[in-house]
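The values are calculated or read from the model by the stated rules, or taken from the named source; none is laboratory data. Computed from a prediction, not measured in an experiment: that's the story for all the values here. In this analysis, Cβ positions are derived from the backbone assuming ideal geometry, glycine residues included, and neighbour counts consider all displayed protein chains.
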């Protein structure tokens with residue numbers, strides 16, 4: 001009975017979560033700040049990249065980029081199973097594992113999917129932070145795939161913020177949500193992991209600030 005419950009509960013939570021978040025997403029007013037049309041190139045399979053964004057923005061990114069040709073590493077924990085179930089309903093490809101559990105397995109899986117043309121999608125400060133940090137796994141992924149890392153900054157005019165390490169963000173119904181795509185970071189332009197990760201961090205902070213500035217109410 002316990003095994004059946006362990007299987008059904010994530011499925012049910014994922015199914016209900018996907019339905020509820022789709023209704024929530026339908027109420028948002030989405031604005032893109034993407035001068036190079038990076039999102040469009042990813043969607044059309046014209047330019048695979050490594051998509052990077054902060055962990056607190058997972059909900060907004062997962063819903064907005066549903067059915068895009070991307071691959072996402074998901075934790076092997078029970079909570080990760082809920083996320084994986086929801087992602088299946090969004091038409092997203094996931095690979096189980098994270099920096100804390102099954103990291104090497106996840107990295108190999110993501111690299112394999114990247115070679116098939118999917119764009120890896122990474123939260124460099126996940127799964128446990130610190131918030132707005134960049135772990136070296138993204139440097140390893142960029143080296144192995146040769147793909148540039150593009151920062152996706154997301155901001156909502158009105159949102160609920162969780163009291164968690166990442167300050168998980170849920171935009172309120174009817175609010176304005178802005179996705180800003182910044183400049184890419186190329187691994188061949190950096191001598192070491194520290195330099196590369198610092199550049200990714202700075203680009204992500206810049207893209208996030210751009211999104212916040214656009215989303216902010218005008219005086």
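Mind telling me which of the residues 177, 170 ends up being modelled with pLDDT under 95, closer than 22 Å to residue 25 by Cα and under 16 Å from the mean Cα position of the chain (by Cα)?
The match here is 170.
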Note: among 63, 50, just one is at pLDDT 95 or above and within 25 Å of residue 167 (Cβ to Cβ), namely 50
Pairs returned, first residue in region 67-88 that is at positive phi and surrounded by 18 or more Cβ atoms within 10 Å (Cβ to Cβ), second residue that is in a loop (DSSP other than H, G, I, E, B) and modelled with pLDDT of 75 or more, beta-carbon separation under 6 angstrom, 6 or more apart or interchain, are none
Residues in region 150-166 that are under 15 Å from the mean Cα position of the chain (by Cα) and modelled with pLDDT of 95 or more total 6
Scanning region 101-120 for residues that are closer than 17 Å to residue 134 by Cα and at pLDDT below 95, the one surrounded by the most Cβ atoms within 10 Å (Cβ to Cβ) turns out to be 107
Just to be sure before I move on: is residue 202 under 16 Å from residue 51 (Cα atoms) and free of Cβ contacts under 8 Å to residues at least 24 places away in the same chain in the structure I sent? yes
Of all strands (runs of 3 or more DSSP E) fully inside region 130-219, the set with 3 or more residues that are in contact with a helix residue (DSSP H, G or I) (Cβ under 6 Å, 6 or more places away or on another chain) and within 21 Å of residue 62 (Cβ to Cβ) is 149-156, 176-181
Practice problem: Return yes when residue 147 is within 17 Å of the chain's Cα centre (by Cα) and either surrounded by 23 or more Cβ atoms within 10 Å (Cβ to Cβ) or under 20 Å from residue 83 (Cβ atoms) (or both) and no when it is not. | Solution: no
